[in-house]
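The structure appears right after this line, and notes come after that.
The values are calculated or read from the model by the stated rules, or taken from the named source; none is laboratory data. All values derive from a computational prediction rather than experimental measurement. Cβ placement follows ideal geometry from the backbone for every residue including glycine, while neighbour counts extend to all protein chains displayed. The protein model used for the area step is the full one, side chains on, heavy atoms only, and it has no ligands, DNA or RNA in it. Shrake-Rupley method; radii C 1.70, N 1.55, O 1.52, S 1.80 Å.
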Amino acid sequence: MTKTKYLIIGNSTAAVNAVEAIREKDRLGSLCLVSDEPCHTYSRPLISYYLGNKVEEEQLFYRPSSFYYLNKVQAFLGDKVVSLDCANKQVVLDDRTGIQYEKLLLATGGAPFVPEMPGQNLSGVFTFTTLDDAQQVKKFIASHQVKKAVVVGGGLIGLKVTEALLALDIQVTIVELADRILSATFDRTASRIIERALKGIGCACLTNSTVKEIREGEPGRVGSVVLKDGTQVDCQLVIVAIGVRPRVDLAREAGISVNRGILVDEHLKTSVDDIYAAGDAVEAYDLIAQAARPIAILPTAARQGKIAGYNMAGAPKAYEGGIPMNSVELAGVPTISVGLTDPSTLADGERRNGMEVIQDYREKDSVYKKIVLEDNRIVGIILVNKIDRAGIYTGLIKDKIDIASFREYLLKDDFGLLSLPREYRKHMVTGQGIEI
Amino acid sequence: MKRIVIREEYCMGCRLCEIHCLVQHSKSKEIVKAYKGEFPKALPRVLVEEQGYLSFALQCRHCEDAPCLEACMTGSLHRDAETGAVICDENKCVGCWMCIMVCPLGVIARNTEGKKAASKCDLCAGEKMPVCVQNCPNEAITFEER
């Protein structure tokens with residue numbers, strides 16, 4: 001039985017940031033980390049860049065190779081935790097190693113969701129969340145001369161895979177259930193701009209559609225998909241990128257409170273003492289929804305990992321809540337979306353009074369700026385093609401600043417700190433005793 | 001750590017800081033080549049904001065609790081152990097612009113000439129004093145232990 005002060009399950013963003021936070025407060029306490037992936041910590045969003053040959057395998061690493069050594073981490077890589085016993089504070093790995101902990105962090109991440117459909121076990125059908133997935137897809141493309149692919153799901157992962165496949169000269173058809181791509185993060189106008197750009201580089205987008213069945217071509221292999229309207233699309237590769245769900249099995253089986261994600265308090269502690277959770281697996285406070293929600297994005301995972309790490313190391317710090325946000329460049333069009341981007345999609349119960357939208361859409365240049373306001377405070381933005389200094393808006397959202405006095409400047413291309421009230425500007429730049 | 005202090009009441013909006021910064025971060029470190037002969041052309045990492053009589057030079061504050069460090073998906077943004085500066089490893093950066101999305105000061109720029117990479121103040125690593133401070137004719141930015 002191994003004994004450790006800190007145990008972290010997971011090896012991605014939340015886990016790594018927790019390691020760093022723990023080591024900031026406690027240089028020596030023993031620290032073990034377990035991950036079912038056999039590799040050094042890597043950047044998940046980079047796997048689509050890797051597939052598209054934009055980065056080499058060695059550039060994927062999220063931290064230098066000395067990371068575990070320098071942080072005195074005993075890493076069990078390629079080992080799966082099969083059970084968690086909260087009462088005796090120990091876990092058991094698949095090779096029957098037991099690890100006893102004082103403080104535990106569950107950073108188990110998310111798992112891709114694949115709906116039941118005939119043919120889903122054929123060779124050539126993949127999900128796309130891990131490095132292993134990317135390597136498998138890459139190998140498959142190289143050995144089977146893939147010319148056509150179908151990507152199921154027009155969300156961010158689906159579109160990043162699409163971009164990678166297009167870079168490999170593979171013809172791509174995106175099949176999206178909603179009436180537009182990126183429906184979760186964008187509004188209609190922004191979706192249309194990206195859809196147009198994707199079509200411009202030779203990609204087909206079939207919206208209001210779904211794959212009913214995957215059909216065999218060569219024995220055992222994908223040959224085509226059949227859509228719900230009966231259309232058949234030939235392809236040798238299918239990537240299912242419908243969405244990711246929090247990986248909560250381990251927590252649930254151990255009796256930890258779980259809803260859609262693992263439930264945590266403001267210190268990111270779960271329902272069980274000494275067990276914390278962070279990252280895509282949790283459901284923590286969402287500043288925009290004003291309720292607990294899973295926000296499966298990297299900055300949130302990093303923040304939560306860090307805060308959980310501080311709390312585990314005995315330096316209490318509260319999590320201020322997260323804001324859903326994404327920055328993604330597709331077909332050469334940079335976009336940023338933060339917070340609530342489309343009030344019209346809110347369900348009746350979620351609708352709040354005092355919401356309004358100001359926007360600037362220059363159709364010819366595909367430039368789009370949209371700001372969603374609620375009682376004179378920004379709650380969401382979409383920026384397409386002009387994204388510079390976007391973080392100023394994000395800061396205003398986070399700090400809940402009343403924009404009434406500078407509203408007229410918000411959409412201007414030279415909007416900057418100068419447009420902000422002097423007091424707030426001073427506060428921002430003075431953070432550490434610097435005057436402006 | 002030593003930080004750049006902004007004193008807006010002394011800024012004249014001459015933008016010499018921007019020019020010196022660009023040259024310092026060019027390959028040749030010569031002004032004519034830096035502006036006319038290099039590809040990719042370096043960007044200034046300091047920005048002068050100006051409106052009427054008011055102006056100031058703004059660059060990365062190297063925040064203690066830096067949101068860009070948390071948002072960086074590649075690990076290219078990191079804190080220099082010696083100087084405390086937030087540094088971008090431009091070779092590792094892929095230009096996802098997550099840092100731009102979260103920087104509340106808007107001081108990270110997109111360099112899209114050649115390889116895409118985030119461009120930000122590095123406090124002129126290797127210099128005793130950042131060149132913007134060295135060359136400010138009116139001490140509108142100073143370099144002080146804070």
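To two decimal places, what compactness ratio does region A:137-287 give when its Cα radius of gyration is scaled by 2.2 N^0.38 Å?
That ratio works out to 1.30.
Report the B-A buried area as the accessible area lost on both sides summed, probe 1.4 Å, in Å² to the nearest 100.
When B and A are taken together, about 3600 Å² of accessible area is lost.
To the nearest Å, what is the center-to-center distance of region A:18-48 and region A:248-321, using C-alpha atoms only?
Distance between centres, Cα-based: 17 Å.
Let's test this: bin the Cα-Cα distances of region A:138-196 at 10 Å from zero up to the farthest pair and state each bin's percent.
23, 50, 21, 7
In nm, to one decimal, how far is the A:Ser344 label point from the A:Leu70 one, both placed 7 Å along Cα→Cβ?
That separation, rounded to one decimal, is 5.0 nm.
Hey, got the dipole for the protein assembly as shown? About the Cα centre, +1 on K and R Cβ, -1 on D and E Cβ, debye to the nearest 20?
In total the dipole reaches around 660 debye.
Apply the a/c threshold of 1.5 to the C-alpha gyration tensor of region A:340-428 and tell me whether it is rounded, prolate or oblate.
Oblate shape, in that a/c is at least 1.5 and b/c is the bigger or equal ratio.
Quick one: 3J(HN,Hα) in Hz for region A:27-33, Karplus 6.51/-1.76/1.60 with θ = phi - 60°, rounded, Gly and Pro as x.
6, 10, x, 5, 9, 10, 9
Along each principal axis of its Cα atoms, how long is region A:60-131 end to end? Whole angstroms, biggest number first, please.
46, 35, 20
Report the extension gain between A:Asp360 and A:Gln145 in nm, rounded to one decimal, defined as 0.36 nm multiplied by the number of residues separating them, less their alpha carbon distance.
Extra length available between A:Asp360 and A:Gln145 comes to 72.9 nm.
Report relative contact order for chain A in percent, whole number only (criteria: Cα-Cα under 8 Å, sequence separation at least 6).
Once divided by the residue count of chain A, the mean separation gives 14 percent.
Using a/c under 1.5 as the rounded threshold, could you call region A:10-91 rounded, prolate or oblate? The axes a ≥ b ≥ c are square roots of the C-alpha gyration tensor eigenvalues, and prolate needs a/b larger than b/c, oblate otherwise.
oblate
Between A:Tyr62, A:Tyr409, A:Tyr50, which gets the highest mean-square fluctuation from a Gaussian network model of chain A, Cα cutoff 10 Å?
A:Tyr409
Springs between alpha-carbon atoms under 10 Å, Gaussian network over chain B: tell me which of B:Ser28, B:Ser55, B:Ser119 tops the mean-square fluctuations.
B:Ser28
Give the accessible surface of the protein assembly as shown per residue, rounded to a whole number of Å², with probe radius 1.4 Å and ligands, DNA and RNA excluded.
43
What's the average, rounded to a whole number, of partner chain beta-carbon atoms within 10 Å of each residue's beta-carbon in B:106-115?
Mean shielding by partner chains, rounded to a whole number: 3.
So who's got an amide H within less than 5 Å of the one on A:Val151, skipping anything under 5 residues away but keeping other chains? H placed 1.01 Å off N, in plane.
Long-range HN contacts for A:Val151: A:Thr173, A:Ile174, A:Val175, A:Ile239.
First select every other residue whose beta carbon is under 11 angstrom from the beta carbon of A:Pro334; then total the charges, Lys and Arg +1, Asp and Glu -1.
Its environment carries a net charge of +1.
Got a number for the accessible area of A:Asp360? Probe 1.4 Å, square angstrom, nearest 10.
Approximately 40 Å² for this residue.
How large is log10 I(q)/I(0) at q = 0.08, 0.09 Å⁻¹ when the Debye formula is applied to the Cα atoms of the protein assembly as shown, each weighted equally and without solvent?
Each listed q maps to, in turn, -0.58, -0.74.
How would you classify region B:1-113 from its alpha-carbon gyration tensor, with a ≥ b ≥ c the square roots of the eigenvalues: rounded for a/c under 1.5, else prolate if a/b is greater than b/c, otherwise oblate?
Because a/c hits 1.5 or more and a/b fails to exceed b/c, region B:1-113 counts as oblate.
Size of the dipole of region B:1-49 about the Cα centre, Lys and Arg at +1 and Asp and Glu at -1 on the beta carbon, nothing else charged, in debye to 20?
280
What does the average come to when, for each residue of peptide B:66-72, you count the partner chain Cβ atoms lying within 10 Å of its Cβ?
6
Quickly work out the A:Glu253-to-A:His427 label distance, labels modelled 7 Å from Cα along the C-beta direction, and quote it in nm with one decimal.
4.8
Where in region A:1-21 does the label zone of A:Asp85 land, with the point 7 angstrom along Cα→C-beta and an amide N cut-off under 20 Å?
A:1-9
Between A:Arg196 and A:Asp414, take the C-beta separation as r, use R0 = 22 Å, and let me know the FRET efficiency to the nearest 0.05.
0.20
With springs only between Cα atoms under 10 Å apart, run a GNM on chain A and tell me which of A:Asn376, A:Asn11, A:Asn311 wobbles the most.
Of the options given, A:Asn376 has the highest mean-square fluctuation.
For an R0 of 41 angstrom, estimate the FRET efficiency from the Cβ-Cβ distance between B:Glu30 and A:Arg377 and round to the nearest 0.05.
Efficiency at R0 = 41 Å is approximately 0.30.
Where does region A:257-380 land on the Kirkwood hydrodynamic radius, alpha-carbon pairs, in angstrom?
16.3
Could you state the orientation-averaged shadow area of the convex hull built on the Cα atoms of region B:24-68, in nm² to one decimal?
That works out to 5.1 nm², a quarter of the Cα hull's surface.
Can you pull the percent of chain A's accessible area that's carbon plus sulfur, 1.4 Å probe, other chains left in place?
Result for chain A: 47 percent of the exposed heavy-atom area is carbon or sulfur.
After finding the eigenvalues of the alpha carbon gyration tensor for region A:89-173, what semi-axes result from the square roots of 5 times each, listed largest first in whole Å?
34, 15, 13
Stretch A:Asp234-A:Asp179 to full length: gain in nm at 0.36 nm per residue minus the Cα-Cα span?
Extra length available between A:Asp234 and A:Asp179 comes to 17.6 nm.
If I measure Cβ to Cβ between cysteines in chain B, which ones have no partner under 4.7 Å?
Flagged as lacking a Cys partner: B:Cys11, B:Cys14, B:Cys21, B:Cys63, B:Cys72, B:Cys88, B:Cys93, B:Cys96, B:Cys103, B:Cys124, B:Cys136.
Non-local amide H neighbours of B:Phe56 (under 5 Å, H modeled in plane, Pro and chain starts lacking H): which ones?
Correct list: B:Glu49.
Considering only DSSP states other than H, G, I, E and B, which GluC sites (Glu not before Pro) in region A:1-80 qualify as loop sites with at most 12 other Cβ atoms within 10 Å?
Passing sites in region A:1-80 are A:Glu56.
If each of A:Asn53 and A:Cys39 carries a label point 7 Å out from its Cα toward its Cβ, how far apart are those two points in nm?
1.8
Return the lysines within reach of A:Lys147: Cα separation strictly under 26 angstrom, same-chain partners fewer than 8 residues apart disregarded; answer none if there are no such residues.
A:Lys54, A:Lys138, A:Lys139, A:Lys160, A:Lys199, A:Lys212, A:Lys228
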